[in-house]
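> Mind looking over this structure? Questions follow.
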Amino acid sequence: MNESERNIYYLRGIPVPETPPPGKDPSPWKKTDIVGTSIPRVDAYERVSGTALYPSDIRLPRMLYAAVLRCPHPHAEVMNVDTSAAEGMPGVRAVISGKTSDTDFAWWYSKEIKTKIFDPLCRFEGEEVAAVAAETAYQAWDAVRAITVEYKVLPFIAEESKSLDSSSPLLHPNGNTAKTDKYSRGDVGAGFSEADVVLDETYRTECELHMPMELHGCVASWDNDRLTIWESAQGVYSIQSRIAEILGLPLSKVRVIGHYMGGGFGSKLQPGKYTVIASLLAKKTGRPVRLFLTREETFLAVGNRPPAIMQLKAGVKKDGTLTALEFSCIATGGAYPANGTSLVDWLVRDLYLCPNVKTETKDVYINAGPSRPFRAPGHPQAAWALEQMMDALAEKIGMDPIELRLKNIPSFSQGREGNPPYTTTGLRECLSEGARAFGWEQARKRSSGSKENGHVKRGVGVASGLWFAGGGNPPSTAVVKLFSDGSVNLNMGASDIGTGTKTVMTMIVSEELGVKPEMVQIEYADTATTQYATPSGGSKTVPTEGPAVRAAALSVKQQLLSFAAADLKTDDSSLTLRGDEVISMKDPLVKVKIHDVTGLRKRGVIVGVGYRGPNPERKVVNPFAAQFCEVEVNTMTGEVRIVRFLGCHDSGRVMNRLTYDNQVFGGITMGIGLAMTEARILDRDQTGKMVNRNLHDYKLPTSLDVPKEMKSLPIEKPDDTANTIGAKGLGEPVTIPTAAAVANAVYHAVGVRMTGTPITPLQLCQALEKDGKERSK
Amino acid sequence: MTPGFSYRRAASIKDAVTGLSEGNGRILAGGTDLLGCLRDSVFTTDMVVSITGIKELKRIDETPGGGLSIGALATITEVSENPVIRERYPALAQAAAEVASPQLRNQGTLGGNLCQKPRCWYYRGEFHCLRKGGDRCYAVAGENHYHCIFGGKGCYIVHPSDTAPALIAYGAEATIAGPAGMRKVSLENFFVPPAKDVTKETVLEAGEIVTAIVLPPPLAGLKSFYRKIRSRQSWDFALAGVALAIRTSNGRVTDARIVLSGAAPIPWRLVDAEKALIGKVAGPDSAKHTAALSIKDAQPLKHNAYKIPLFKGMIEEEVANISQA
Ligand SMILES: Cc1cc2nc3c(=O)[nH]c(=O)nc-3n(C[C@H](O)[C@H](O)[C@H](O)COP(=O)(O)OP(=O)(O)OC[C@H]3O[C@@H](n4cnc5c(N)ncnc54)[C@H](O)[C@@H]3O)c2cc1C
Ligand code: SF4
């Protein structure tokens, strides 16, 4: 067998897209062979078999275990910490607290207010007071229990509605308002006087906790002056920069590795105090230190979706024209400035055509854990209010709720200065094609006639949404290496937070280079060895990293063609890559096998670097959504069963239908949690402590709480203006309309408006009883 | 993390009883409740006595009189799947199937289910309340959404077990072994209301263990059912639950037992409502009447008044259903 016949190439031998000249953007993909197909995750085997090493699996030689002593009161001053007993306990290697000089570093939840790692004033239950490193986790916890602390317990605030009362204690010297934002366009007064119907309602969404499967934490290890951190994180570079800043280290001396990770939902975009504490204990002991929180600690100290009280007044004409929207909101990011009202008015400003809009949001302090971004910050809350209001308006003017929405679809972003157009909007199709696929009309009629079916009633509901971001943005750098056998190495700094990033990026490389997906190896999420990337949040990883990866693959192709052109003594613009060879488009006899290309043989590798280019100017890239659901309500007990759900989403090009549907179903499941089961409960009238800090009292939905019938219908409109892969974000829009769709379906079934989450028998059977009494009057 | 303790695996019932009387021993069966309590420092112990090696406690046997004896170590899954229980004591099988989650049902035992500690979140949390020997009940002025509407006095827990109401509806009896030998207690009298002793949940004395639950033969023609309502569909205790056992003759009710879960500190038998049902035509009217009567003595706390329409709706629905069945 001669050499050229040996199957040494890992190529598929199918045509690949054209190669643009260097420096030029590629044209949009027309027909794709890999992108858009349903490929199982490239790391599915590792994840399912358990060979994948998550940061919490890391066990280093000589590693110590750390545990943290946390303030048991929502508001207290630490008067004295006595660690002497703990220090003498078996296995204990270090104890640190606000009293030890080596812990004097600043910490901030957002830059306005700086505190210390162990601050003497604890403003929420669970603030860090001291920490121990010991040979075993048990020894560390025994030592934590042996530390005695003298607290001066202070009065607390547990409800945002009471934060601004004059009798409430102050959390910070400048008062309890963290932030007030105002927005206005047009004249709402005039708008309301034009309206045929004006409605006003107050809504409330409860505080939700992220609860990712993998706990928050890290392993920290020093090698002389270099710190290495393995952290469960949504982005390694954001951990690196914050830790370097806090500890005063050069970026080059902080290496963060975060390969596999078990979920974050926004709560792992940044490091925690735990990262700093592990680093300090590792420094002090000269040994690696593992600090992963217990589940109970994560209920208190690693973020939440802020609870919100929202008032919305809306005016509509009989023909369905919205005339005015007036929205105000009090929410709380907890005990520190932490964006408690972030984007909570955005849907009111932007989702529907409306000339007159006024919003005011107030973020106030309470003595509870600071919030962190939570999947689509602000949006599910706003949708809960706005989408229920749209439903109520439609009913009042005798219009179908979908028709009302279709009457008010904007093609440009009204909430932004100058009304810039959206690159694409599929909101209309999400609603109309979704309605068709769901069988909306029939279901609506069928269930509104369900009064005869005894005391169990059916109802259907719809809600829509858009996501403020989701277009991705620079910077991102990716590197693709082509080896002489045709196999490829992709190097990128982004994490795969469980969404399938590695799979989608592999598909892009595969598409461009014609290489089998299994021949692409990815190096990722390591600040020492992979390229700079921003953390995975804002539904931006695919539209941010994808174009950079495509550009890197194209650069490889360009270099390969130019090396081949030298061999073939022709012009590289006449050449194309096909299977395992570079061939002339003019003369098929002019060709060379890849491994014979001299330039590649000499170097052994071709390295292509790709950068994420800028977004289109004066245009807005947003994903859009509509979701539909059917429920069954037992009017005697207030039990709600969700019968089926349809998620209809415009997120541009569908990169991989499997990972796409995973997001849709995951988002709906999370939205069902907001709608039906989840709420943080503080002992508001007595101690201010959280009472449901475990996984059976804090109720995440289980597989029996989500419907068997969940469907996803992508509205696929590749967005060629947005970026070179035509994809928009998906991870967050999928959870925006869900809760509101459930509430609307419940209303349709029983005629009772549930303005507060979660809709459990606790609320509903009382509301039904009240409604029944009113009706029988 | 759990503070330290000694561990002993008992070879026999006698051995277990001896082990328990040394120090403040605690029995370990499936451990699903015990380990949580220890980890959360609800109580401490210096001796954990495992009874899992005692084979005779695992048996489910028919008794000579036509009843059934269920060993304390029978798992909740075994109780829910046992063909005899499913056929003759369906409410018990249904109640067992509604307990917790599949993993917990595989690991948890019937004895442990009856002897589990209450789920009041103050009791389970860092609150030194009355039941733990403290001086106040935090539920009175606190977050009492899940607390009781009947039988609260000093303490306002609800009894957490789903199987207990069903067992009481069938008139089951607990067999207890202790330092002084064996004794039998009807399950209805097994649980201790706070009015009697706020620090105890069962009549078990130091060193006593439950060895078996004995069910009398089922009454001919008895219809029975367990219904549970909760805020999520798995892995959740009852917001409201009811075990119903009704016998009718010529359309009229001759025997009735109605026992509630999620209502009171002990499984709550509605004796008045039962009496009122007897002699009535089973149907929607008597269901309505029974439901109204069931809640007449309810004393809700600040956040749990919803339980009144909830229990009313559930009892009405179930009494009507069972009379049609
Ligand atoms: C998250 C969660 C959810 C749950 N949900 C439900 C629910 O919905 N409905 C429900 O009914 N239950 C529920 N449970 C309770 C569960 O059913 C019990 O934990 C289980 O049945 C206890 O059995 P075990 O064998 O594991 O008991 P263990 O944990 O071993 O023991 C429990 C207690 O009983 C004592 N004990 C055990 N066996 C005996 C005996 N033979 N004699 C005397 N004392 C004994 C132990 O000392 C201990 O104090 C839930 C539990 C958890 C953790
Ligand atoms: S209800 Fe009982 S267990 Fe709960 S706080 Fe009150 S005394 Fe303690």
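The values are calculated or read from the model by the stated rules, or taken from the named source; none is laboratory data. Just so we're clear, the structure is a prediction, and the values are computed from it rather than from any experiment. Neighbour counts are summed over all protein chains in view; Cβ atoms, including those assigned to glycine, are modelled from backbone coordinates with ideal geometry. Heavy atoms of the whole protein, side chains included, go into the accessibility calculation; ligands, DNA and RNA do not. Shrake-Rupley method; radii C 1.70, N 1.55, O 1.52, S 1.80 Å.
> Identify the single condition in (1) in contact (Cβ under 8 Å) with a residue 12 or more places away in the chain; (2) of a type in the set (Asp, Glu); (3) surrounded by fewer than 19 Cβ atoms within 10 Å (Cβ to Cβ) that residue A:245 does not satisfy, given that it satisfies every other one.
For residue A:245, the exception is condition (1).
> For the stretch A:138-175, enumerate the residues that are within 14 Å of another protein chain (Cβ to nearest Cβ), under 24 Å from residue A:90 (Cα atoms), open to solvent by 70 Å² or more (accessible area, probe 1.4 Å) and in contact with a strand residue (DSSP E or B) (Cβ under 6 Å, 6 or more places away or on another chain).
Correct list: empty.
> Residues A:560, A:575: which one is free of Cβ contacts under 8 Å to residues at least 24 places away in the same chain and either surrounded by 23 or more Cβ atoms within 10 Å (Cβ to Cβ) or in the same structural domain as residue A:655 (by TED's automatic domain parsing) (or both)?
On the way: A:560 fails: free of Cβ contacts under 8 Å to residues at least 24 places away in the same chain.
Exactly one of A:560, A:575 is free of Cβ contacts under 8 Å to residues at least 24 places away in the same chain and either surrounded by 23 or more Cβ atoms within 10 Å (Cβ to Cβ) or in the same structural domain as residue A:655 (by TED's automatic domain parsing) (or both), namely A:575.
> Output the residues belonging to the stretch A:638-664 that are open to solvent by 20 Å² or more (accessible area, probe 1.4 Å) and closer than 16 Å to residue A:438 by Cα.
Listed by number, the residues that qualify are A:643, A:644.
> Which pairs have Cβ atoms under 7 Å, sit 6 or more apart or on different chains, and link a residue in the stretch A:471-483 that is in a strand (DSSP E or B) to one that is open to solvent by 10 Å² or more (accessible area, probe 1.4 Å) and among the β-branched types (Val, Ile, Thr)?
Within 7 Å, the pairs are A:477/A:609; A:479/A:607; A:479/A:609; A:481/A:605; A:481/A:607; A:482/A:605; A:483/A:605.
> Sticking with this structure for a sec: Residues in the stretch A:679-711 that are more than 7 Å from chain B (Cβ to nearest Cβ), under 22 Å from residue A:162 (Cβ atoms), open to solvent by less than 10 Å² (accessible area, probe 1.4 Å) and not aliphatic (A, V, I, L, M): how many?
Residues flagged as more than 7 Å from chain B (Cβ to nearest Cβ), under 22 Å from residue A:162 (Cβ atoms), open to solvent by less than 10 Å² (accessible area, probe 1.4 Å) and not aliphatic (A, V, I, L, M) within the stretch A:679-711 amount to 1.
> Tell me, please, whether a residue that is surrounded by fewer than 20 Cβ atoms within 10 Å (Cβ to Cβ), modelled with pLDDT of 95 or more and within 12 Å of ligand 2 (Cβ to nearest atom) can be found in the stretch B:169-180.
Looking for residues that are surrounded by fewer than 20 Cβ atoms within 10 Å (Cβ to Cβ), modelled with pLDDT of 95 or more and within 12 Å of ligand 2 (Cβ to nearest atom), one finds none in the stretch B:169-180, hence no.
Every residue, every condition in (1) in contact with a Lys or Arg (Cβ under 8 Å, 6 or more places away or on another chain); (2) within 14 Å of chain B (Cβ to nearest Cβ), yes or no:
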{"position": "A:729", "(1), (2)": "yes, no"}
{"position": "A:744", "(1), (2)": "no, no"}
{"position": "A:760", "(1), (2)": "no, yes"}
{"position": "A:765", "(1), (2)": "no, yes"}
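> For the stretch A:399-410, which residues satisfy the criterion of being assigned to a loop (DSSP other than H, G, I, E, B) and open to solvent by 70 Å² or more (accessible area, probe 1.4 Å)? Don't jump to the end; show me each part of the working.
Residues of the stretch A:399-410 that are assigned to a loop (DSSP other than H, G, I, E, B), as a first pass: A:399-400, A:407-410.
If the condition is that a residue be assigned to a loop (DSSP other than H, G, I, E, B) and open to solvent by 70 Å² or more (accessible area, probe 1.4 Å), then A:407 is the only one that fits.
> Within the stretch A:197-221, can you find the residues that are open to solvent by less than 20 Å² (accessible area, probe 1.4 Å) and either in contact with a Cys (Cβ under 6 Å, 6 or more places away or on another chain) or of a type in the set (S, T, N, Q) (or both)?
Residue satisfying the conditions is A:205 alone.
> Give the stretch B:227-255 a look and list any residue that's within 11 Å of chain A (Cβ to nearest Cβ), crowded, with 20+ Cβ neighbours inside 10 Å and more than 18 Å from the chain's Cα centre (by Cα), or say none.
B:231, B:232, listed by residue number.
> Now a separate question. Does residue B:30 satisfy the criteria of being part of a loop (DSSP other than H, G, I, E, B) and closer than 19 Å to residue B:211 by Cα? Lay out the reasoning, then the answer.
Values: part of a loop (DSSP other than H, G, I, E, B): yes; closer than 19 Å to residue B:211 by Cα: yes.
Criteria met by residue B:30.
> Output the number of the condition that residue B:149 fails; it satisfies all remaining conditions of (1) free of Cβ contacts under 8 Å to residues at least 40 places away in the same chain; (2) more than 16 Å from ligand 1 (Cβ to nearest atom).
(1)
> Given the criteria of a type in the set (Gly, Ala, Ser) and either out of contact with any helix residue (DSSP H, G or I) (no Cβ under 6 Å at 6 or more places or on another chain) or farther than 24 Å from residue A:688 by Cα (or both), does residue A:126 qualify? Lay out the reasoning, then the answer.
Numbers: of a type in the set (Gly, Ala, Ser): yes; either out of contact with any helix residue (DSSP H, G or I) (no Cβ under 6 Å at 6 or more places or on another chain) or farther than 24 Å from residue A:688 by Cα (or both): no.
It is false that residue A:126 is of a type in the set (Gly, Ala, Ser) and either out of contact with any helix residue (DSSP H, G or I) (no Cβ under 6 Å at 6 or more places or on another chain) or farther than 24 Å from residue A:688 by Cα (or both).
> Kindly provide the set of residues from the stretch B:59-106 that are closer than 22 Å to residue B:29 by Cα, more than 16 Å from ligand 1 (Cβ to nearest atom) and surrounded by fewer than 19 Cβ atoms within 10 Å (Cβ to Cβ), ordered by number.
Scanning the stretch B:59-106 gives a single hit, B:61.
> Would you call residue B:312 within 14 Å of chain A (Cβ to nearest Cβ) and touching a residue at least 24 places away in the same chain (Cβ under 8 Å)? Give the derivation first.
Working: within 14 Å of chain A (Cβ to nearest Cβ): yes; touching a residue at least 24 places away in the same chain (Cβ under 8 Å): no.
Taking the combined requirement at face value, the residue does not satisfy it.
> Let me confirm something: among B:253, B:259, B:198, which residue is within 16 Å of ligand 2 (Cβ to nearest atom) and either of a type in the set (A, V, I, L, M) or touching a residue at least 60 places away in the same chain (Cβ under 8 Å) (or both)? Let's see the steps before the verdict.
Values: B:253 fails: within 16 Å of ligand 2 (Cβ to nearest atom); B:259 fails: within 16 Å of ligand 2 (Cβ to nearest atom).
It is B:198.
> Do we find a residue being in contact (Cβ under 8 Å) with a residue 60 or more places away in the chain and within 14 Å of chain B (Cβ to nearest Cβ) anywhere in the stretch A:643-659? Let's see the steps before the verdict.
Initially, the stretch A:643-659 is screened for residues in contact (Cβ under 8 Å) with a residue 60 or more places away in the chain, giving A:643-659.
From the residues that got through so far, the ones that are within 14 Å of chain B (Cβ to nearest Cβ) too are A:643.
Yes: the stretch A:643-659 contains one or more residues that are in contact (Cβ under 8 Å) with a residue 60 or more places away in the chain and within 14 Å of chain B (Cβ to nearest Cβ).
> Can you tell me which residue is nearest to ligand 2 (Cβ to nearest atom) among those in the stretch B:113-164 that are open to solvent by 30 Å² or more (accessible area, probe 1.4 Å) and under 30 Å from residue B:50 (Cα atoms)?
B:130
Let's see how each residue does on (1) within 16 Å of ligand 1 (Cβ to nearest atom); (2) part of a helix (DSSP H, G or I); (3) more than 19 Å from residue A:765 (Cβ to Cβ); (4) among the basic types (Lys, Arg):
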position	(1), (2), (3), (4)
B:241	yes, no, no, no
B:245	no, no, yes, no
B:255	no, no, yes, no
B:259	yes, no, yes, no
B:263	yes, no, no, no
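> Same structure, new question: For residues that are over 30 Å from the mean Cα position of the chain (by Cα) and within 14 Å of chain B (Cβ to nearest Cβ), tally how many sit in the stretch A:746-758.
Pass one, the stretch A:746-758, residues over 30 Å from the mean Cα position of the chain (by Cα): A:748-752.
When the remaining residues are screened for being within 14 Å of chain B (Cβ to nearest Cβ), the result is A:750, A:752.
So the answer is 2.
> Quick one: residue A:731 ticks every box in (1) part of a loop (DSSP other than H, G, I, E, B); (2) surrounded by fewer than 24 Cβ atoms within 10 Å (Cβ to Cβ) bar one, so which box is it?
(2)
> Right, next: Within the stretch A:104-149, considering only strands (runs of 3 or more DSSP E) that don't extend past its boundaries, which have at least 1 residues that are within 23 Å of residue A:85 (Cβ to Cβ)?
A:128-134
> Among the numbered criteria (1) out of contact with any strand residue (DSSP E or B) (no Cβ under 7 Å at 6 or more places or on another chain); (2) crowded, with 22+ Cβ neighbours inside 10 Å, which one does residue B:224 miss?
Among (1) out of contact with any strand residue (DSSP E or B) (no Cβ under 7 Å at 6 or more places or on another chain); (2) crowded, with 22+ Cβ neighbours inside 10 Å, the lone unmet condition for residue B:224 is (1).
> Separate question: Filter the stretch B:123-144 down to the residues that are within 12 Å of chain A (Cβ to nearest Cβ), more than 16 Å from ligand 1 (Cβ to nearest atom) and not aromatic (Phe, Trp, Tyr) and list them by number. Reasoning before the result, please.
So in the stretch B:123-144, the residues within 12 Å of chain A (Cβ to nearest Cβ) come out as B:123-129, B:136-144.
Next, only the ones that are more than 16 Å from ligand 1 (Cβ to nearest atom) stay: B:126-129, B:136-144.
B:126, B:128, B:129, B:136, B:137, B:139, B:140, B:141, B:142, B:143, B:144 - these are the residues of the stretch B:123-144 that are within 12 Å of chain A (Cβ to nearest Cβ), more than 16 Å from ligand 1 (Cβ to nearest atom) and not aromatic (Phe, Trp, Tyr).
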